[in-house]
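Input: a single structure, listed below in structure tokens.
The values are calculated or read from the model by the stated rules, or taken from the named source; none is laboratory data. Note that this is a predicted model, so its numbers are computed, not measured. Ideal geometry is used to build each Cβ from the backbone, glycine not excepted, and the neighbour counts take in all protein chains shown. Side chains are part of the model used for accessible areas, which takes the heavy atoms of the whole protein and leaves out ligands, DNA and RNA. Shrake-Rupley method; radii C 1.70, N 1.55, O 1.52, S 1.80 Å.
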Amino acid sequence: MGLRALIGTEGAGGFYRARHVQHDACPTMIVPALSALVHDLMGHDAQAAVAELMRSDWSRLYALPGTGVAGHLVGVPSPNDGEPLCGHIATANAGDREWAYLFGGHRLHVYLGVFPEVGPKRWQPWACWSVNELPTVRLDEVLTVQRRGYSTQWLAADHRKYAEAIRERMKEVAAR
């Protein structure tokens, strides 16, 4: 299954409207794909790119490097197409998704799903790039964003388990 994400738009006040990407939705796959969609296929028109993204849920979305302009984006629509998700990014439950990629104005905002000490996974702002600069964002920069994200998720999961163990131990001590 792995590496699910949301992809869509973010408006004023953090309200988002997004579609699912079911597989391989890590930053090193999605950011180059979004760059190819906006700049190569849609002629630098972010609104047209968003309209294309919002037409369906996606099984996969990626760019094939070295295949030239217009045609190197691969988007595989999901057979489980549903309605777009809507909500407020600051309060939304990230569920089983790891990343969210939301176009807002002239920026691409990247969010990371992280478990707090208790409660459901929440979105944390993680990276942000100008849409106009996406073609010049170096892959090693995107890889660093991705690595830091996974490290943060692992540490948060470990902290959550540790805190739960302490709570359980405190219950045992109090019951004596």
Subset of segment 1-25, residues within 20 Å of R107 (Cα to Cα) and buried (at least 19 other Cβ atoms within 10 Å of the Cβ), comes to A5, L6, I7, G8, T9, E10, Y16, A18, R19, H20, V21, A25
Can you spot a residue in segment 114-121 that is in a strand (DSSP E or B), modelled with pLDDT under 95 and under 22 Å from G13 (Cα atoms)? yes
Give all pairs with beta carbons closer than 7 Å in which a residue from segment 119-144 that is in contact (Cβ under 8 Å) with a residue 24 or more places away in the chain meets a residue that is part of a strand (DSSP E or B) and small (G, A, S); count only pairs at least 6 apart in sequence or on separate chains. K121/G113; W123/A100; W123/G113
Subset of segment 121-151, residues open to solvent by 40 Å² or more (accessible area, probe 1.4 Å) and farther than 20 Å from V21 by Cα, comes to N132, E133, P135, T136, R138, L139, D140, E141, T144, R148, S151
Can you say whether R107 is without any contact (Cβ under 8 Å) to a residue 40 or more places away in the chain, open to solvent by 60 Å² or more (accessible area, probe 1.4 Å) and touching a helix residue (DSSP H, G or I) at 6+ places or on another chain (Cβ under 7 Å), as far as the supplied structure shows? yes
Since S151 meets every condition but one in (1) touching a helix residue (DSSP H, G or I) at 6+ places or on another chain (Cβ under 7 Å); (2) among the polar types (S, T, N, Q); (3) free of Cβ contacts under 8 Å to residues at least 12 places away in the same chain, which condition does it not meet? (1)
